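Structure record follows, encoded as C-alpha cells.
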Amino acid sequence: MGYYVTTPIYYVNAEPHLGHAYTTIAVDVLARHMRQRGEDVFFLTGTDEHGEPVAQAAERLGMTPRELADKNAPRFRDMVGRLGATNDFFIRTSDPQHVEAVQRILQRVYDAGHVYLGTYEGWYCPRCADFKTEGELIEGNRCAIHKIALEREREENYFFRLSEFQEPLERLYGEQPEWVLPAGRYNEARSFIDQGLNDISLSRSSLTWGVPVPWDERHVFYVWFDALLNYYTALTYAADGDDLTERFWPPTVHVLAKDILKFHAVIWPALLMAADLPLPRRLFIHGYLLMDEEKMSKSLGNVIDPFEVIDLYGTDALRFYLFREVSFGGDGSVSPEGFETRYTTELANEYGNLASRALAMVARYRDGVVPEPDAAPAIAGDFEGLAEGVCDHFDRVDVSGALDETWQLVRRLNQWAQEEAPWQLAKDPAAADRLDTVLYGLVEGVRVVSVLLNPFLPEATERLLEALGRPELTMEAARFGAGGGFGEIAGFSPLFPKIERQPEPAA
Ligand code: MSP
C-alpha cells in the first residue's frame, strides 16, 4: 500500500506567502521521512483556480480569471521548488483532465440521487467561497476571517444532500477516534456534525469561472467540490498513461490548517461516500502562523515572503525554523528576529559547530581518518530507541516532536564533547585509545542525527554526509554503529555560515 500525502491546493487569487510554504514544507518533511523508511510515497500539491476568490481578484486587476491563474500558478510552482519540496505532481484545477474527471464523478453522484435543484438564500463570503450561518458572522454581517461585509444571496443552486450522511459520518467518527488529529480538531468536527447537517450548495448559477455542471450547463460546480476532488483526480492523470489510483487511493493523510477543517472533515468524507470511494485514512490539522498575534494572510496584509527568507538564510533554515518555533498543530508567532536567533543559536552554534569541531579534530589529531575504536563509546546508549521514537512522531504527523527528539541528541552530543574534552585527551599520549573512542563517537553521532535531520535540512545534511563518505539516508542508517566505519574525511565548509546582512540604510 502506498503512502499518499497532500497539501491543500492554494488559491491563485494572490501570490504565495509563508503560510502556504508552511504546509508545503510540513508535507515535504513527512514525504522525505517516509521515503527514508522505504515507503512508496506520492506527494501532491497544486493550485485551486476556479470560483469566486479568483474571479473577483481578477476583476479587480482588470484581467480574466484564466490570465490571473496563469500568472500566479507558476509562482506557487516556483515556491514549491525553492522550498526544496519533492512533490510528485503539481495539480492545477484548470487542467482539462481534472475538469473532465470532476464532471464524471459528480455526474455519478447526481445519478445516484444525492443531488436536487433548490434555492439558496443566505450569507456568502466570496473570499472564503463559503456560505455562512448567522452565528458565524461578526458585527455588521462581516466574515470573521476576512472582516469584509457580506451580501445576502438568493440564487438557484443544485444541492448536495449532506443531511443524508449524518449517520454515516457519526459512525465514522465513532469508529475512528483518530481519523482527525489533533484531538481538539476531531472534537470540533464531531460537534459540527452533532449539531445536525444541512444540505449544501453544489453549484452556482451566478458565476461562469468553474467546472460546468454536465447535466445543466447554466451552472458551474461550487468551487469546493471541484477543489476537494483534486486529491482523487490527480492520481488519474499524474503519470502519463498510468492510472495511479490503484496504487495510492485512499490517501494516507491530508494535511491542512484549521481554516478549512469543515470542508475536509465533514463535506469531503460525505462526498466520497456519495461517489462510492474509500475514505482517506487520516486528516492532520495544523494551526496558524501568526504575525503580531494575527493569522498571517494576504487579506490582512501581514505576510512574510518566503522567497526573501530563503534568499537571506537558505531553504534549510526556513524548513527548520518553522517547526522549531511553532509546535506543529498549534498556532504560533513567527518574526524576522526569531529567524535570526534560531539560525545563530541552534543551526550555526549547536549543529553546525558540532559538525565542524568533530571533523576538525579528526583532521588535527588523526590526519583526517576517523578512528575505529575497540569499544563502543558510552554515548551509543543515548541513541537507543531514537529512530523508533522519531518514526512514532511522524506516524502521528507530529513534525515538531520528531525534530525535537532529534535535536535533544544534538545537544547531548555537544554536552558529551564538553565532558570528554578530546582537546585535553589529545595532549596525553596514554589517552590515545580514549581519544579514538570519543572522536569516533562524535562523528558517528553527528552522522546519525544528520540522517534523522535530513527531511528538515536536506541540503546541509547531504553535504555533511557526503563529506563523511557515508551518504546513506535510510532508517537503517539512522542507528548508531550501523554500516561500519568511516574512511578519510573530505574537507567541507561550515554548514551554516554567519549571515552577512546588508546594513540598514541610515535614516
Ligand atoms: N483553495 C482552498 C483549499 C482547497 S483544498 C481542497 C484554500 N486555499 S488557500 O490558498 O486559502 O490556502 C489555505 C491553506 O494555506 C491553509 O489550510 C494552510 O494549509 C495554508 N495557510 C495559509 N495561511 C496560513 C497561515 N497563516 N498559517 C498556517 N497555514 C496557512 O483554502
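Under 5 Å between amide hydrogens, built in the peptide plane, is the criterion, and for Ile91 it picks out Thr45, Gly46, Thr47 among residues at least 5 positions away or on other chains.
Could you order Thr45, Thr119 by accessible surface area, starting with the largest, using a probe radius of 1.4 Å?
Numbers: Thr45 0, Thr119 85 Å².
Of Thr45, Thr119, the descending order of accessible area is Thr119, Thr45.
Which of the trypsin sites (Lys or Arg not before Pro) found in the stretch 257-351 are loop residues per DSSP with 13 or fewer other Cβ atoms within 10 Å of their Cβ? For trypsin sites (Lys or Arg not before Pro) across the stretch 257-351 that sit outside H, G, I, E and B with at most 13 neighbouring Cβ atoms in 10 Å, the list is empty. Taking chymotrypsin sites (Phe, Trp or Tyr not before Pro) in DSSP loop conformation with at most 15 other Cβ atoms inside 10 Å as exposed sites, the chain has its longest uninterrupted site-free stretch at 216-491. Kindly list the residues of the stretch 132-158 that lie in the label zone of Asp292, defined by a backbone N under 17 Å from the point 7 Å along the Cα-to-C-beta vector. Only 147 pass the distance filter. Structural size metrics of the stretch 31-174, computed from C-alpha coordinates, are Rg and Dmax of 19.4, 54 Å. Computed in the context of the full set of protein chains, the accessible area of the stretch 254-334 at 1.4 Å probe radius has 46% of its extent on carbon or sulfur. Solvent exposure of the stretch 3-286, expressed per residue, is 38 Å² of accessible area, with all protein chains present and a 1.4 angstrom probe.
Order Ile193, Ile145, Ile489 by their accessible area, 1.4 angstrom probe, all chains in place, largest first.
Numbers: Ile193 5, Ile145 65, Ile489 25 Å².
Largest accessible area first, the residues go Ile145, Ile489, Ile193.
For a test of the definition: using alpha carbon positions, the gyration tensor, and the 1.5 limit on a/c, classify the stretch 3-286 as rounded, prolate or oblate. Here the stretch 3-286 falls in the rounded category.
For the stretch 113-193, just say rounded, prolate or oblate: build the C-alpha gyration tensor, square-root its eigenvalues into a ≥ b ≥ c, call rounded for a/c under 1.5, and beyond that prolate if a/b exceeds b/c, oblate if not. Can you show the working numbers first?
Values: a/c = 3.19, a/b = 1.34, b/c = 2.38.
In terms of gyration-tensor shape, oblate.
Bridges between two residues of the chain, per DSSP, are antiparallel at a rate of about 55%.
Here the label points at Ala360 and Glu15, each 7 Å from Cα along the C-beta direction, are separated by 4.0 nm in the simple model.
Taking a probe of 1.4 Å, how large is the accessible area per residue of the stretch 336-477, in Å²? Write out the running numbers ahead of the final one.
Working: 5740 Å² over 142 residues.
Each residue of the stretch 336-477 exposes 40 Å² on average to a 1.4 Å probe.
Rg and Dmax, both from the Cα atoms of the chain and both in Å, are 25.9, 89. Counted over all Cα-Cα pairs of the stretch 336-477, pairs farther apart than 22 Å make up 39 percent. Here each label is just a point 7 Å from Cα along the line to Cβ, and for Ala421 and Arg281 those points are 5.1 nm apart.
Of the accessible area of the stretch 336-477, with the probe set at 1.4 angstrom, what percent is carbon plus sulfur? The nonpolar share, carbon plus sulfur, comes to 49 percent.
Could you work out [θ]222 nm for the chain from helices alone, using -39500 (n - 2.57) per DSSP H run of at least four and dividing by all its residues? Round to the nearest 500 deg cm²/dmol.
Working: 19 runs with 218 residues, N = 507.
Value at 222 nm, helices only: -13000 deg cm²/dmol.
Rounded to the nearest 0.05, what FRET efficiency do Ala112 and Glu139 have when you use their Cβ-Cβ distance and R0 = 41 Å?
Working: r = 42 Å, r/R0 = 1.03.
Using R0 = 41 Å, I get an efficiency of 0.45.
Which of the GluC sites (Glu not before Pro) found in the stretch 185-249 are in a DSSP loop and have at most 14 neighbouring Cβ atoms, other than their own, within 10 Å? Within the stretch 185-249, the qualifying GluC sites (Glu not before Pro) (loop, at most 14 other Cβ atoms within 10 Å) are Glu217.
Taking 0.36 nm per intervening residue step and subtracting the Cα-Cα distance, what contour gain separates Lys71 from Asp367 on full extension?
On the way: separation 296, 0.36 × 296 = 106.56 nm, distance 5.51 nm.
Gain on extension, Lys71 to Asp367, equals 101.0 nm.
Each part reduced to its alpha carbon centroid, the stretch 333-365 and the stretch 137-197 end up 45 Å apart. With a Förster radius of 25 Å applied to the C-beta separation of Met63 and Thr341, the computed FRET efficiency comes to 0.05. Computed from the C-beta positions of Ala431 and Asn349 and an R0 of 30 Å, the FRET efficiency is 0.65 to the nearest 0.05.
Set the bar at 25 Å for Cα to Cα. Now go through Lys258/Lys298; Lys71/Lys258; Lys71/Lys498 and name every pair that lies beyond it. Before the final figure, lay out each step's value.
Working: Lys258/Lys298 17 Å; Lys71/Lys258 28 Å; Lys71/Lys498 36 Å.
Cα-Cα > 25 Å for Lys71/Lys258; Lys71/Lys498; rest within.
The values are calculated or read from the model by the stated rules, or taken from the named source; none is laboratory data. Small disclaimer: the values here were computed from a predicted structure and weren't measured. Don't worry about glycine lacking a Cβ; one is built from the backbone with ideal geometry, like all the others, and counts go over all protein chains shown. For the accessible areas, the whole protein counts, side chains as well, though only heavy atoms, and no ligand, DNA or RNA atoms are used. Shrake-Rupley method; radii C 1.70, N 1.55, O 1.52, S 1.80 Å.
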